[in-house]
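Undergrad: This structure is in structure tokens; I'll ask about it shortly.
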Amino acid sequence: MSGERAMQTYELLIGGDWTPGSGGAYGVVNPATEQVINEAPEATAADAEAAAQAARDALPAWKRTSPEERANLLHALAEETRKRTESLLPLIMAETGATLKVGSALQVPQAVARFERYAKGALQDISVPLPPSIMPSTPLAPGGVIGGHVLRQPVGVVACISPYNFPLVNMAGKVGPALATGNTVVMKPAPQDPLAIIELAEICQSVGFPPGVVNVVTGSKPEVGEALVDSKNVDMISFTGSTGVGVRIYEAGGKTMKRLLLELGGKGACIVCDDADLQQAIMGLVSVWGFHSGQICTAPTRAIVHRSIYDQLVGGLRAAAPSLTIGPPESEDTVVGPVISAAHRDRVEHYIELGEKEGGDLVVDGRRPDGVERGYYVGPTLLTNCRNDMTAVREEIFGPVIVVVPFDDDDDEAVAIANDSDFGLYDYVFSQDTGRAFGIARQLGAGHVGINTAQRNHEAPFGGFKMSGVGRDGGDFGLYAYTEIQSIIWPG
């Protein structure tokens, strides 16, 4: 898997063997240049099932490995991934369109950090001792002092299906805790940018993970993911992506009682109170435009702003938009890069058009930005005077588009607007009164609430309410997510 990118042939990894996709290959397109950068293997349903079977076959031996062995391998994985940053970073940037700033700060370093975190996690004792229980004699068994202990056993074979925005980081957040707790995995990256994940599979093999413990299948068609969801050899699906696909996984997984970790769409409500630090709030909202072109489910895309400061906030956003340089991802000056594909650019532009048609004011229009001759670009876009019933306000756009909804009365009105959504992944509150902000946060129907910041705490449990998903990962909660609870009971 080394050598010049243009000369490299990418293959599937199934049971320790590299093999071409049974369906041939397909082109992976650089969204900034619209050029094919390489070909990825086109797997079939049969390939996916073969990978699931390989993971099943490797599971008994891998479950028996010591925590120290799993920790050492994950640490080696982190170190080797770090060493390959210079080759991985340009590949990920070419696949995803991530800017140099986002790529160098997050795409590879955060993946390394996650492997290191779960190398430590492999050594954690996450079992739970139970207090002795005095039980009377029954027809079932003699009475006495009964002891108990709760173990966390590996779920089994985990299909890890990652999104296109942060392929390596997201996959590391799935594979790390899954391997740390004794599971085997089949990695299925998004079709738009699978090459770095194939590289990750090669790194896993090179540092000594046994054959079948880590497998990878790729494909441009739904059949590969569908086969993993349907397979009796797969015990759990860990999926990050759209709510629509997540619902189909939820429905199909019920036939085989799949354990599910679904991190789905979001429509982040950002409540800006009348006492907010406006510059702080504006900086938080601008992250929608400047962070991976808004292609992140946690973005504060839905600003809910008190009328008394509404004009000031809108003016601040309008003034900030031109300062965000749109350009090629490899340029150090670029803040806003392309979205992932032509189809997605068209989708984002359609939402902007609908926002205007349904009554919003298009204050900043990012469609087909000036000076861009090729690439799938959408510039910073600002829709104001929006209502909560508008399509652009209710649906996830996944692009550099902020919609602004005013509120006139008290905090309860803002909370009601924020909660009137199918989504509940990540909300925000900006207020200089911390007690007030906490009070608002407690009323929000979201799995995560940021107060006066768009920063993350990676030890916090991550996941959503409502249509934003099922389950939690992150920190210790990632270890819990990939385990089943087993109770051991004995007479004292």
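Undergrad: What percent do you get for the relative contact order of the range 219-281 when only Cα pairs under 8 Å and 6+ apart count? Display every interim value, and only then the final one.
TA: Details: 48 pairs, mean separation 21.4, N = 63.
Averaging sequence separation for qualifying contacts and normalising by length gives 34 percent for the range 219-281.
Undergrad: What number comes out for the charge environment of residue 341, summing +1 per Lys or Arg and -1 per Asp or Glu over other residues with Cβ under 14 Å away? Please list the in-between numbers first.
TA: Numbers: positive: 345, 347, 374; negative: 34, 95, 193, 346, 349.
Neighbourhood net charge equals -2.
Undergrad: Right, next: Quick one: net charge around residue 318, please, counting Lys, Arg +1 and Asp, Glu -1 for every other residue with C-beta under 12 Å from its C-beta. Intermediate values should be presented prior to the final figure.
TA: Details: positive: none; negative: 311, 361, 365.
Around residue 318, the charge tally is -3.
Undergrad: So between residue 128 and residue 61, what do we pick up on full extension, going 0.36 nm a residue minus the alpha carbon distance? Before the final figure, lay out each step's value.
TA: Values: separation 67, 0.36 × 67 = 24.12 nm, distance 2.46 nm.
Extending this stretch completely gives an extra 21.7 nm.
Undergrad: Can I ask one more? Running Debye on the range 162-308 with equal point scatterers at the Cα sites and no solvent, what base-10 log of I(q)/I(0) appears at q = 0.09, 0.20 Å⁻¹?
TA: Normalising to I(0) and taking log10 leaves -0.38, -1.21.
Undergrad: Reachable lysines from residue 221, Cα under 16 Å, same-chain residues fewer than 8 places away excluded?
TA: Cross-link targets: 188.
Undergrad: Heavy atoms only, probe 1.4 Å: what % of the accessible area of the range 383-492 goes to carbon and sulfur, would you let me know? The partial results should precede the final answer.
TA: Values: 2390 of 4740 Å².
Heavy-atom surface of the range 383-492 belonging to carbon and sulfur, 1.4 Å probe: 50 percent.
Undergrad: Please report the antiparallel percentage of DSSP beta bridges with both residues in the chain, rounded to the nearest 5.
TA: Values: 33 of 70 bridges.
If we restrict to bridges inside the chain, about 45 percent are antiparallel.
Undergrad: Using 7 Å Cα-to-Cβ label points, what is the residue 247/residue 120 separation (nm, one decimal)?
TA: Between residue 247 and residue 120, the simple spin-label model gives 4.0 nm.
Undergrad: In addition: What does the accessible area per residue of the range 117-208 come to in Å², with a 1.4 Å probe and no ligands, DNA or RNA counted? Before the final figure, lay out the partial values.
TA: Values: 3110 Å² over 92 residues.
Result: 34 Å² per residue.
Undergrad: Now a separate question. What is the gain in length, in nm to one decimal, between residue 33 and residue 436 on full extension, counting 0.36 nm per residue of separation less the C-alpha to C-alpha distance? Before the final figure, lay out each step's value.
TA: Values: separation 403, 0.36 × 403 = 145.08 nm, distance 4.74 nm.
That works out to 140.3 nm of additional length.
Undergrad: Could you order the peptides 133-144, 215-226 from most to least packed, using the average number of other C-beta atoms within 10 Å per residue?
TA: Numbers: 133-144: 9.6, 215-226: 22.8.
By packing density, highest mean first, the sequence is 215-226, 133-144.
Undergrad: Shape of the range 145-186 from its Cα gyration tensor (a ≥ b ≥ c, root eigenvalues): rounded if a/c is under 1.5, otherwise prolate when a/b > b/c, or oblate?
TA: It is prolate, given that a/c is not under 1.5 and a/b is the larger ratio.
Undergrad: Of the peptides 457-470, 96-109, how do they stack up when ordered by the mean number of other Cβ atoms within 10 Å, highest first? Please list the in-between numbers first.
TA: Values: 457-470: 18.8, 96-109: 22.5.
Answer by packing, highest mean first, reads 96-109, 457-470.
Undergrad: Same structure, new question: With everything on Cα atoms, drop me the angle between helix 85-96 and the longest principal axis of the chain, reported from 0 to 90° to the nearest 10.
TA: Once rounded, the angle reads 60 degrees.
Undergrad: Next up: Order 251, 11 by their accessible area, 1.4 angstrom probe, all chains in place, largest first.
TA: Numbers: 251 125, 11 50 Å².
Ranked list, largest accessible area first: 251, 11.
Undergrad: What distance in nm separates the two pseudo spin-label positions at residue 330 and residue 307, each 7 Å out from Cα along the beta-carbon direction?
TA: Those two pseudo-labels are separated by 5.3 nm.
Undergrad: Let me ask something else. Under the 0.36 nm per residue contour assumption, what length would be gained going from the current alpha-carbon distance of residue 410 and residue 274 to full extension? Could the numbers behind the result be given before it?
TA: Working: separation 136, 0.36 × 136 = 48.96 nm, distance 0.95 nm.
Result for the pair: 48.0 nm of gain on full extension.
Undergrad: Need one number for the range 39-116: average projected area of the convex hull over its C-alpha atoms, nm². Don't skip to the answer; put the middle values down first.
TA: Details: hull surface 27.2 nm².
Value for the range 39-116: 6.8 nm².
Undergrad: What FRET efficiency comes out for residue 221 versus residue 140 if R0 is 45 angstrom and r is the Cβ-Cβ distance? Round to the nearest 0.05.
TA: Using R0 = 45 Å, I get an efficiency of 0.25.
Undergrad: Still on this structure, I have one more. Give the shape of the range 313-433 as rounded, prolate or oblate, defined through the alpha-carbon gyration tensor: a ≥ b ≥ c are the square roots of its eigenvalues, a/c under 1.5 means rounded, and otherwise the shape is prolate if a/b is larger than b/c and oblate if not.
TA: Details: a/c = 2.01, a/b = 1.65, b/c = 1.22.
Prolate.
Undergrad: Calculate, for residue 488 and residue 451, the FRET efficiency according to 1/(1 + (r/R0)^6) with r their C-beta to C-beta distance and R0 51 Å; round to the nearest 0.05. Don't skip to the answer; put the middle values down first.
TA: Working: r = 41 Å, r/R0 = 0.81.
Efficiency, rounded to the nearest 0.05: 0.80.
Undergrad: Just tell me which lysines come within less than 17 Å, Cα to Cα, of residue 120; anything on the same chain fewer than 8 places away is out.
TA: By straight Cα distance, residue 120 reaches 174.
Undergrad: Ignoring everything except DSSP H segments at least 4 long, calculate the 222 nm mean residue ellipticity for the chain; use -39,500 (n - 2.57) per segment, divide by total residues, nearest 500.
TA: Values: 15 runs with 179 residues, N = 492.
Helix-only estimate at 222 nm: -11500 deg cm²/dmol.
Undergrad: Under 1.5 on a/c is rounded, so check that first for the range 224-337, then, if it is not, pick prolate when a/b is larger than b/c and oblate when it is not; a ≥ b ≥ c are the square roots of the alpha carbon gyration tensor eigenvalues. Walk me through the numbers on the way to the answer.
TA: On the way: a/c = 4.57, a/b = 2.01, b/c = 2.28.
Because a/c hits 1.5 or more and a/b fails to exceed b/c, the range 224-337 counts as oblate.
Undergrad: State the label only: which of [x] 33.6; [y] 27.9; [z] 23.6 corresponds to Kirkwood radius over Cα pairs in Å computed from the shown model?
TA: [z]
Undergrad: Where does the charge balance sit around residue 355 when Lys and Arg score +1, Asp and Glu -1, over other residues with C-beta under 14 Å from its C-beta?
TA: That sum, taken over residues with Cβ under 14 Å, equals -2.
Undergrad: Which order do the peptides 71-80, 370-379, 261-270 come out in when sorted by mean C-beta neighbours inside 10 angstrom, highest first? Could the numbers behind the result be given before it?
TA: Numbers: 71-80: 20.5, 370-379: 16.4, 261-270: 26.5.
Output ranking for 71-80, 370-379, 261-270: 261-270, 71-80, 370-379.
Undergrad: Enter the accessible area per residue of the range 311-467 (Å², integer; probe 1.4 Å; all protein chains in place). Don't skip to the answer; put the middle values down first.
TA: Working: 6940 Å² over 157 residues.
Averaged over the residues of the range 311-467, the accessible area is 44 Å².
The values are calculated or read from the model by the stated rules, or taken from the named source; none is laboratory data. Since this is a predicted model, take the numbers as computed values, not measurements. So basically every Cβ, Gly included, is an ideal-geometry build from the backbone, and we count neighbours across all protein chains shown. For the accessible areas, the whole protein counts, side chains as well, though only heavy atoms, and no ligand, DNA or RNA atoms are used. Shrake-Rupley method; radii C 1.70, N 1.55, O 1.52, S 1.80 Å.
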